[in-house]
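Nothing in this text is a laboratory measurement; each read-out follows from the coordinates by a stated rule. The structure displayed is predicted, hence computed values, not measured ones. Cβ: placed from backbone, ideal geometry, glycine included. Neighbour counts: every protein chain shown.
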């Protein structure tokens, strides 16, 4: 099995669609047998789901994630554990023990809100909002 975690500086990155890297864990049973960090090379939401599918990922652990990305992951057969924060290795360890705390109804609250500048946050990457 392969587990991917949105990744930055050792932690679970908090916005799936803007992650610069995934840490990919290859697992046998409850033991991690290998790990590698894979760059997303600036891919967008839909492309990230395809990237994970092409890497053979079965499970994604992340912070916030929007509805479109959730649908793309579901269509790719990737199980989602969202709303996770903290150390990436600890999150995978907790998942393997069946102890991962996650939000099954995770959403990203910033998509398409107005900034008053004639555009919406869904059009670009803002940094002043939160994903839950």
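Could you tell me the calculated FRET efficiency between residue 9 and residue 103, based on Cβ-Cβ distance and R0 = 22 angstrom, to the nearest 0.05?
In this case the efficiency is close to 0.50.
Using a ≥ b ≥ c from the Cα gyration tensor of region 2-123 (square roots of the eigenvalues), is it rounded, prolate or oblate, where a/c under 1.5 gives rounded and otherwise the larger of a/b and b/c decides, a/b for prolate?
It is prolate, given that a/c is not under 1.5 and a/b is the larger ratio.
Peptides 18-24, 97-103: what's the order by average Cβ count within 10 Å, highest mean first?
Ranked from most to least packed, the peptides come out as 18-24, 97-103.
Treating the Cα atoms of region 6-76 as identical point scatterers in vacuum, please give the log10 of the normalised Debye intensity I(q)/I(0) at q = 0.11, 0.12, 0.29 Å⁻¹, two decimals.
-0.24, -0.29, -1.51
Considering the zone a paramagnetic label at residue 28 would reach in this model (a point 7 Å from Cα along the Cα-to-Cβ line), which residues of region 34-69 have amide N under 12 Å from it?
34
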